[in-house]
């Protein structure tokens, strides 16, 4: 051993190793200080550590095998027989110092790595608490969600806000649409502030008239601040009272009462958003300020029609219908009137395009091409007026998909989810299309985005469960049914989902128990295919004639979808 140490000294291995370790440690200290300042990812620092560690044995080998001489790099000559090198105390001290330095660097990097893992676990936990808000909704995130997807939703609780529904104090109860519309518009404007995380409208609606304290609501939603207030609309004048409260100690961060004519509504909504940003000490970019201050229309009359359409859509939960008094037909009439009043109303054109696509889904086939052409005309006009509208790109993608224009579909859908997808509708649309072409893993990820953005939209979960079934991931579909019911999903659909997935998993006795829980009431669902799962089981039970008789009264597109499942009940379907 002593001879080996002597040879290491003769070949200057100790000196080079010491300089290498000290130099590497200094490089890592500088990198650890400067990388965050320049927003260089942690992965680059880890790569640097690995590179320096890998270079250490290479450096030692080169030092052992070669010498720098006046003639250049030469192979190190063996020691002369009579050559004797004495190891002194300082040599042993150098060896000890080298070992200590190696240990310090190794321990330091281990601590950094474990802290990083710990922080990721904490962040993921706070994300799940944010999305669940009650009865175990976060369990859906454990099904197929990758770490990068989770990281894209990691919340900063200190800059998170829940804007509770504004109380309607208008003397005319029919003006409830106005309070709902003002609430949505203020939420949308604050959403444009990159520093602030805003809880979606569909999530906060469940706290309307809630008996929970503000602190309890904030804890459920994992937010730092709560905004609440009221709206009074009468005789073309509006009074809005707003207060922003820090949840931890009930301190008022900002409050204001606005009393103004209706024509000033847009400037007031912008002022609210800007004051919230200031109160929460958010950094506002010039582009964000411009976006917040941009008026959707010059006409309060057109704006009122738009708010009425949105309110009826929300009240009817967006279910597909051709009822003349339903949200779809009435919405088309209101928006047509709105863009006639204001031909520069971009949001009006975009929504009209979307509504014509929806109508095409449930209209006779002969009307489909004309409705799609109208849809594209409207959204293309919307993009001429405002090229940042996610809804317009989403609709273009929907039409392109239905017309088998795959490249245009994927390009438009990808664009739609990059813009302000406030309620997750663009992600939901993309997920449905991905499901239809069998790209299930990508679809699952987009469904998670949509459900994370609007956890309480039951029909998002209906489609997400159906996608898992089509991908033959029956166990995950079964696991997701409890979250579906917790967010207000139809109870009959819940039991139909469970009965069908249990049947496909071979748990026939449990399937029959769930099957018997379905009542005679029709299922209040957006996905026509869900009753088809029930038809499948009924056919297995021998109710073929009764099912066929019921289906004969349904519109052709719905009947055909459900007949497919009915037929599947008579054969072995794998």
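The values are calculated or read from the model by the stated rules, or taken from the named source; none is laboratory data. A quick note: this is a predicted structure, and the numbers were derived from the prediction, not measured. Neighbour counts are summed over all protein chains in view; Cβ atoms, including those assigned to glycine, are modelled from backbone coordinates with ideal geometry.
Test residue 278 against the criterion of being within 22 Å of the chain's Cα centre (by Cα) and more than 19 Å from residue 456 (Cβ to Cβ), and give yes or no.
Criteria not met by residue 278.
Suppose we filter 439, 468 for residues that are surrounded by fewer than 21 Cβ atoms within 10 Å (Cβ to Cβ), over 11 Å from the mean Cα position of the chain (by Cα) and either on the phi > 0 side of the Ramachandran plot or modelled with pLDDT of 90 or more (or both); which single one remains? Break it down stepwise before answering.
Details: 468 fails: surrounded by fewer than 21 Cβ atoms within 10 Å (Cβ to Cβ).
Going through 439, 468 in turn, just one is surrounded by fewer than 21 Cβ atoms within 10 Å (Cβ to Cβ), over 11 Å from the mean Cα position of the chain (by Cα) and either on the phi > 0 side of the Ramachandran plot or modelled with pLDDT of 90 or more (or both): 439.
If I ask for residues that are assigned to a helix (DSSP H, G or I) and more than 26 Å from the chain's Cα centre (by Cα), which ones from segment 330-348 would you list?
To start, the set of residues in segment 330-348 that are assigned to a helix (DSSP H, G or I) comprises 330-341, 346-348.
330, 331, 332, 333, 334, 335, 336, 337, 338, 339, 340, 341 - these are the residues of segment 330-348 that are assigned to a helix (DSSP H, G or I) and more than 26 Å from the chain's Cα centre (by Cα).
Among the residues of segment 239-259, what is the count of those that are within 19 Å of residue 304 (Cβ to Cβ) and touching a helix residue (DSSP H, G or I) at 6+ places or on another chain (Cβ under 6 Å)?
Total satisfying the criteria: 1.
Sort out which residues of segment 361-395 are within 18 Å of residue 328 (Cβ to Cβ), in contact (Cβ under 8 Å) with a residue 40 or more places away in the chain and part of a helix (DSSP H, G or I), and write them in order of number.
The answer is 361, 362, 391, 394, 395.
Rundown of residues vs (1) under 33 Å from the mean Cα position of the chain (by Cα); (2) modelled with pLDDT under 85; (3) in the same structural domain as residue 367 (by TED's automatic domain parsing); (4) on the phi > 0 side of the Ramachandran plot, yes/no style:
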{"residue": "478", "(1), (2), (3), (4)": "yes, no, no, no"}
{"residue": "508", "(1), (2), (3), (4)": "no, no, no, no"}
{"residue": "518", "(1), (2), (3), (4)": "yes, no, no, no"}
{"residue": "532", "(1), (2), (3), (4)": "yes, yes, no, no"}
{"residue": "549", "(1), (2), (3), (4)": "no, yes, no, no"}
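Condition (residue is within 30 Å of residue 287 (Cα to Cα) and more than 25 Å from the chain's Cα centre (by Cα)) applied to segment 218-228: is it met by at least one residue? Before you say what the answer is, go through the steps one by one.
Within segment 218-228, the subset within 30 Å of residue 287 (Cα to Cα) is 218, 221-228.
In the following step, the residues that additionally are more than 25 Å from the chain's Cα centre (by Cα) were identified as none.
No, there is no match, as no residue in segment 218-228 is within 30 Å of residue 287 (Cα to Cα) and more than 25 Å from the chain's Cα centre (by Cα).
Which of the numbered conditions does residue 264 fail, given that it passes all the others? Conditions: (1) farther than 27 Å from residue 458 by Cα; (2) in contact (Cβ under 8 Å) with a residue 40 or more places away in the chain; (3) surrounded by fewer than 17 Cβ atoms within 10 Å (Cβ to Cβ); (4) over 30 Å from the mean Cα position of the chain (by Cα).
With (1) farther than 27 Å from residue 458 by Cα; (2) in contact (Cβ under 8 Å) with a residue 40 or more places away in the chain; (3) surrounded by fewer than 17 Cβ atoms within 10 Å (Cβ to Cβ); (4) over 30 Å from the mean Cα position of the chain (by Cα) applied to residue 264, the lone miss is (2).
Among the residues of segment 303-338 satisfying the criterion of being under 19 Å from residue 179 (Cβ atoms) and either assigned by TED's automatic domain parsing to the domain that holds residue 236 or without any contact (Cβ under 8 Å) to a residue 24 or more places away in the chain (or both), which is surrounded by the most Cβ atoms within 10 Å (Cβ to Cβ)?
Per the stated criteria, the residue is 327.
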